[in-house]
1. Report the equivalent ellipsoid semi-axes for region 86-234 in whole Å, largest first, defined as the square roots of five times the eigenvalues of the gyration tensor built from alpha carbon atoms.
2. For Thr111 and His92, compute 0.36 nm times the residue count separating them, minus their Cα-Cα distance, and round to one decimal in nm.
3. Based on DSSP H assignment, which helices of the chain show an axial Cα extent of at least 15 Å together with a mean Kyte-Doolittle hydropathy greater than or equal to 0.0?
4. Find me the longest stretch of the chain that has none of the exposed GluC sites (Glu not before Pro), where exposed means in a DSSP loop (not H, G, I, E or B) with at most 12 other Cβ atoms within 10 Å.
5. Using the basic label-point model (7 angstrom from Cα toward the beta carbon), what is the Ile151 to Glu64 distance in nanometres?
6. His92: accessible area at probe 1.4 Å, nearest 10 Å²?
7. At 7 Å along the Cα-to-beta-carbon direction for both Glu159 and Glu79, put a label point, then send me their distance in nm to one decimal.
8. At 7 Å along Cα-to-Cβ for each site, give me the label-to-label distance between Thr56 and Ser200 in nm.
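The values are calculated or read from the model by the stated rules, or taken from the named source; none is laboratory data. Worth saying up front: this structure is predicted, and the values here are computed from it rather than measured. Quick reminder, even Gly has a Cβ in these numbers, built from the backbone with ideal geometry, and neighbours come from all protein chains shown. What goes into the accessible areas is simple: the full protein's heavy atoms, side chains included, and nothing from ligands, DNA or RNA. Shrake-Rupley method; radii C 1.70, N 1.55, O 1.52, S 1.80 Å.
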Amino acid sequence: MSSPLPNATDFLPGPVLLLGAPGVGKGTQAKLLMEEFNIPQISTGDLLRGNREQRTTLGMMAEELMTKGLLVPDDLVNEMVSERLALPDTEHGYILDGFPRTLNQAEWLDTKLVAYMLPVVAINIAVPEKVLLERITGRRMCPVCGTIYNIYTQPPKSECICDADATKLVQRADDTEEVFHERMNSFRQKTSAVIEYYRSHGNRFAEVDGDRPVHEVTKSIRATLLKLRHHPEN
Ligand code: AMP
């Protein structure tokens, strides 16, 4: 018989990686889990977009690559993540969304986390590729609160207006069909190996079916996380 799961409030989430192809729902799920577990979501895509808006040197270097759906060089992204992980709000854990995307980033993260209180656990959100294009091209975001919608499957109550704060929604420049194919190429060539890397970690890896309504996926991720952390080695 399996042992009962601890309550969400009884444990430290520690470092959690949300893995998966573009459009599987990493950002949406990370935001929901962040609220529940009171730990930050660290999205390398959001950090890079923030740098781009502020016209920092990193943002200017990343801009063209992001527009084309190509990956930003590992050393730049690793450095940016290192600075973010040094902030005190990561003390009890955090959700990394969109990182690591290459084996080099995964290995760098391993060395970075050696002294951290808990080992990293990785959850891959699996969604069939044919579903992803509609998710990406239908995605709209609130530029103020970051809520993510989909005009086909999860539309706001009023067209193009955020339910939470009435801001006009925006579409990401790289959420087009053409750039989606390029992003999928990067995913197949580089990031799928990262998923296999964590899969080989055995009891620190799990997969959830992301082709279901948002709240069902959140429920599965939450249960999966509790179960992974309940394992004696984690
Ligand atoms: P995302 O918001 O996660 O879809 O990321 C948007 C874009 O930012 C990607 O297509 C890449 O150009 C860049 N990016 C985000 N995270 C990484 C990463 N870990 N490594 C390299 N490039 C990244």
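1. On the way: eigenvalues 175, 73, 53 Å².
Those come to 30, 19, 16 Å.
2. Between Thr111 and His92, full extension yields 5.0 nm more.
3. Flagged H segments are 57-68.
4. Details: sites that count: Glu91, Glu159, Glu233.
Counting at most 12 other Cβ atoms within 10 Å as exposed, the longest clean stretch of the chain is 1-90.
5. The modelled label-to-label distance comes out at 3.0 nm.
6. Solvent-accessible area, nearest 10 Å²: 90 Å².
7. 4.6 nm
8. Between Thr56 and Ser200, the simple spin-label model gives 3.3 nm.
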